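The values are calculated or read from the model by the stated rules, or taken from the named source; none is laboratory data. Model, not experiment: these values are computed from the prediction. A quick note on method: Cβ atoms are made from the backbone with ideal geometry, for glycine too, and the neighbour counts reach across all protein chains shown.
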Amino acid sequence: MLRPREWLPVALAILLVAVTIPLRPGGGASEAGGSNYDFYNLTNGCDREAYGTVDSFDRGRDTITTQLRQMYDAGQRRLRIGIFHQHGPDSGTVMDSSTGDLSPTDRRQLTELLAAVKAAGFQEIEVAFHPQGDDDPHNWDAMDESAYQEDWAVISHLHPLVADAGIPYRIDLLNEGMPMSNEPVLRQYAQRLWSDYTAAFGKADTVGFSMTVWIADRATQLPAVYGDNPPDLFDVHLYGDSWNGDEYSQFVQADRKMTELGYHQPWIIGETYFDDGWTADGIRRAIGATGRQVRYLTQWPLTRDRRCADVDQAPPIRYAAYGMAGF
C-alpha cells in the first residue's frame, strides 16, 4: 500500500493522462467536432463584417492559417464554413453573387481557404449557404424567381470547387432553411431547391436544409420538402433559452417528432453556443435518453451571454467544454 505522500505522483500522472487524451464518453458524438469558422476577428467585440474567412482570406491569410492550427491543437477536427452572398457588392464577409457566381477573386479565396483547412489536418467540412438581403428567402412574401435562380446558380457553380477540395464534405443548401408549418414560401423554395439539387448532384453529399429552434414543428415539414427522398443526415441547431426551452428539451422533442414521422437519420449539431458546458451536458443527456446518433457538433461563435446580436467570439479557438463531454 502506498503511503499518503506516495499518492501524489500517481495522482498527477493520472490527471495528466486525463487532460491530454481526448475523451469520447458514452452519450457524446461518434466523431470529434469543432466550429463554424466564418470570422477571424471582431471590431469592438461585435462587428464581424470586415473579417470573413472567405471574402477576406487574402487580407487575413496568416492570421487564419495560425487560427486553424490553434483550433486543431485544441481538439477540433471538423469545421462548418459559410458562404455569405448577396445581389450586391462585397462587404468583407458577404460576397457579390449578382452574376450567379462568386467573383474570380472570391472563388480563388474559397479554394485557398479550403486548402488551408486541409493542410491544418481537419477531417471534414460542412459548407453552408447563407444568402443575404433580397436573396434570402426567409424574407420573401412570394417566390422571387430571379433571386431563386441566383441562389441556385451560386450553389451549382461552387459545388465542383467544394467537391475538388480533397476533404470529405457535406452541403447545407440554406442555413436554417427548413420551414416551419406557417412558412409556405420558404417551403416552396426548399421543395424546389431540393428537387433541382438532387437532380443535378444526388443527395449523398448534402444535409438538405438545417433546422433551427422549434425543430419539432419544422420536422413536420420534412415530408413536404423531401418527399420520399430525404437526406441521409440532418443538421439541427440547438440554442437553449427561457422561451424555447433548454438544449435537452429541444433535442428530445425534435427526436420524438422525427421518430413519430419515421425519420431515424443521424444528426449533426451544426450550431450551438460557444464552448458551453451547460449545452454540452444537456445534449449528452438527450443522446443518452433518446438513442439518437449524433455524428459531431460544431459550435457557433456566440456565447450564452449573447454579448452581441450574432457573434461575440472570434476566433473560435476554445473547445474544452465540448471536447471533455465527448464532442
* To do: Just give me the residues in the range 242-281 being under 24 Å from residue 316 (Cβ atoms) and in a loop (DSSP other than H, G, I, E, B), in sequence order.
  => 244, 246, 266, 273, 274, 275, 276
* Asked: modelled with pLDDT of 95 or more and either loosely packed, with under 11 Cβ neighbours inside 10 Å or over 19 Å from residue 318 (Cα atoms) (or both) - does that describe any residue in the range 63-83?
  -> yes
* Scan the range 223-242 for residues that are surrounded by fewer than 23 Cβ atoms within 10 Å (Cβ to Cβ) and farther than 13 Å from residue 268 by Cβ and jot them down. => 223, 224, 226, 227, 228, 229, 230, 239, 240, 241, 242
* Asked: With respect to the numbered conditions (1) buried (at least 22 other Cβ atoms within 10 Å of the Cβ); (2) within 21 Å of residue 209 (Cα to Cα); (3) of a type in the set (A, V, I, L, M), which one is the sole condition not fulfilled by residue 142?
  -> (1)
* Among the residues of the range 232-250, count how many are modelled with pLDDT of 95 or more, at negative phi and either of a type in the set (Lys, Arg) or out of contact with any strand residue (DSSP E or B) (no Cβ under 6 Å at 6 or more places or on another chain) (or both). => 6
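For every residue, the table says whether it meets (1) assigned to a loop (DSSP other than H, G, I, E, B); (2) free of Cβ contacts under 8 Å to residues at least 60 places away in the same chain.
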residue: 142; (1), (2): yes, yes
residue: 172; (1), (2): no, no
residue: 181; (1), (2): yes, yes
residue: 223; (1), (2): no, yes
residue: 235; (1), (2): no, no
* Verdict on residue 106 being in contact (Cβ under 8 Å) with a residue 12 or more places away in the chain and either over 18 Å from the mean Cα position of the chain (by Cα) or not in a strand (DSSP E or B) (or both) -> yes
* Filter result for residue 229 (of a type in the set (S, T, N, Q) and more than 17 Å from residue 126 (Cβ to Cβ)) -> yes
* Can you name every residue in the range 57-86 that is among the polar types (S, T, N, Q), outside any helix (DSSP H, G or I) and more than 17 Å from the chain's Cα centre (by Cα)? -> 86
